[in-house]
Each structure stands twice: as structure tokens, then as C-alpha cells.
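Asks: One structure follows; several queries about it will come next.
The values are calculated or read from the model by the stated rules, or taken from the named source; none is laboratory data. As the structure is a computational prediction, the values presented were derived from the model and not from experiment. Glycine also receives a Cβ, built like all others from the backbone with ideal geometry; neighbour counts cover every protein chain displayed. These area figures cover heavy atoms from the full protein model, side chains too; ligands, DNA and RNA do not enter into them. Shrake-Rupley method; radii C 1.70, N 1.55, O 1.52, S 1.80 Å.
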Amino acid sequence: EAGVVQSPRYKIIEKKQPVAFWCNPISGHNTLYWYLQNLGQGPELLIRYENEEAVDDSQLPKDRFSAERLKGVDSTLKIQPAELGDSAVYLCASSLSREDTQYFGPGTRLTVL
Amino acid sequence: QQPVQSPQAVILREGEDAVINCSSSKALYSVHWYRQKHGEAPVFLMILLKGGEQKGHEKISASFNEKKQQSSLYLTASQLSYSGTYFCGIRFSGTYKYIFGTGTRLKVLA
């Protein structure tokens, strides 16, 4: 069974540029999560989807971050414009339902110069 | 609200045991344990639900003390492959909010 797929794996951009990350969850997983992880710290939830509905986006900085999961499968996380402090690893995870174990993708390491 | 893990870091020799604790200030519904190696994604180890159950996974086991609002991860006869950062992920009772702990860095030496 294929795991959670994320792309790109690495991205380097200059500040004020836009950037987008893509996630394909495990087949059949209805719940999808986007996390931000800073070096040496635990993942911090940005947004959780149940099917195509964003049910928890309280930690998403909505002035510059946006996300979508149009058909309840793949998801895209966008930052526009990026700031220096956005440099981090962006992890996508999925689970069968909100009560089940989350499985993580390899993450996208973003560096903002 | 973030659960606190202790110790923050630990160094072991192969074959030694370790205990990692995860403490919450609020009532817990479930606890997940993950291990993350440098540059890789967190890998799920086990889940514990409220009820004080204990689970095992090869030489790694965990317990969940609902009264104390804490969980402990037990690493027995550690191997080099156990090195990494361990995170607890908790879900509070009455909510689907999910928060990761502060992390514990574990290094096993030959």
C-alpha cells in the first residue's frame, strides 16, 4: 500500500514569493492534516480536513496561508507571500477517520531566503 | 495545553532501558506515540485509549494513566535503531483536537 505522498520534497524561495505544497493521502483516508514542524519541535497542526471540508483551521494564518481539498482526496497548501519565519518542514498526514491513527508523508522542507 | 515530555534528551548504551513520559494538564482521551528520525517523517508506534491499558510492540511498550493524565513509553534492551526523537500525540477528552508533545531526543550508542 502506498503511503502519503508529498511534493516537492525541498523548496527554496525568496521572501515575498508564493509557494505551494501538494499532498496525496493514503487511498481511502477521509481525514487529512497539514502540520508545520520547526527544527527540534513537535508538529503543529495547521488545518484538518474531513473529506473536502476544513473542520479545524484555527491555527492557520489566514492572511497568507490557504489550503484546499477540492474532491476530498489530494490537497494543496499555499503561502503567499512567504516570510523568512515560514522556513520549516510542512508535513501532511492522513487517517481513515478523525479517530484513527495518522500516517505522515515525508514532508516538504521550505527555506525562505 | 501542549503536553510536556520528560526527559528532554537521553543517551543510552545498547541493551539499556529507558522510560519517556508524556504529561498533560487536561483530561486525555487517547495517546499516540511516534518516533522520528532526522530528516524523516514521524512513524507511528502505538496508540493507547483511556482505560489505563498497556500495549506492547516488540521491545517497546506503553502505558496510559488516565487519573494522572499521563502516558509512559518503555524501551527495553534498546537497539541502535531506537535512536530518534519520540513524540506523544494526544487527543483531549470531549474534543478532536490533537496536539503533539515537546519531544524526547534519544540516542543509543554502541
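Asks: Please sort by residue number the GluC sites (Glu not before Pro) in region B:1-101 whose DSSP state is loop and whose Cβ has at most 13 other Cβ atoms within 10 Å.
Replies: Passing sites in region B:1-101 are B:E14, B:E40, B:E53, B:E58.
Asks: Taking both sides together, what accessible area is buried at the B/A interface, probe 1.4 Å, expressed in Å² and rounded to the nearest 100?
Replies: 1500
Asks: Taking the Cα centre of chain B as origin and charging only Cβ (+1 Lys, Arg; -1 Asp, Glu), how large is the dipole, in debye to the nearest 20?
Replies: 320
Asks: If only Cα atoms are counted, what is the Rg of region B:4-109, and what is its Dmax, in Å?
Replies: When restricted to Cα atoms, region B:4-109 yields Rg and Dmax of 13.1, 42 Å.
Asks: Within chain A, which is the longest segment that contains none of the GluC sites (Glu not before Pro) sitting in a DSSP loop with at most 15 other Cβ atoms within 10 Å?
Replies: After excluding every exposed loop site, the longest remaining stretch is A:15-51.
Asks: Still on this structure, I have one more. So, for the protein assembly as shown, what is the accessible surface per residue at a probe of 1.4 Å, expressed in square angstrom?
Replies: On a per-residue basis, 50 Å².
Asks: Can you list the residues in region B:62-110 whose accessible area drops by at least 20 Å² when all protein chains are present, compared with the chain alone? Use a 1.4 Å probe, heavy atoms only.
Replies: B:F87, B:R91, B:Y96, B:K97, B:Y98, B:F100
Asks: Within region A:1-39, report the trypsin sites (Lys or Arg not before Pro) that DSSP leaves as loop and that have at most 13 other Cβ atoms within 10 Å.
Replies: Taking region A:1-39 and a limit of 13 other Cβ atoms within 10 Å, the loop trypsin sites (Lys or Arg not before Pro) found are A:R9, A:K15, A:K16.
Asks: Can I ask one more? Show which lysines lie in cross-link reach of B:K37 when reach means a straight Cα distance below 30 angstrom and same-chain residues fewer than eight apart are skipped.
Replies: Once the sequence-local lysines are set aside, what remains near B:K37 is A:K11, A:K15, A:K78, B:K26, B:K50, B:K55, B:K59, B:K68, B:K97, B:K107.
Asks: Under 11 Å from the Cβ of A:D74, count the other residues' Cβ atoms, weight Lys and Arg +1, Asp and Glu -1, and hand me the total.
Replies: 0
Asks: Among B:Y86, B:Y74, B:Y98, which one shows the biggest mean-square fluctuation in a GNM of chain B, springs joining Cα atoms closer than 10 Å?
Replies: Among B:Y86, B:Y74, B:Y98, the largest GNM mean-square fluctuation belongs to B:Y98.
Asks: Out of the total accessible area of chain B (probe 1.4 Å, heavy atoms of protein only), what percent is carbon and sulfur?
Replies: Summing carbon and sulfur atoms, their accessible area is 49 percent of the total for chain B.
Asks: List the residues of region A:72-113 for which accessible area in the full set of protein chains is at least 30 Å² lower than for the chain on its own; 1.4 Å probe, protein heavy atoms only.
Replies: A:R98, A:E99, A:T101, A:Q102, A:F104
Asks: Probe radius 1.4 Å, ligands and nucleic acids left out: which of B:F44, B:F64 has the largest accessible area, and how do the rest follow?
Replies: B:F44, B:F64
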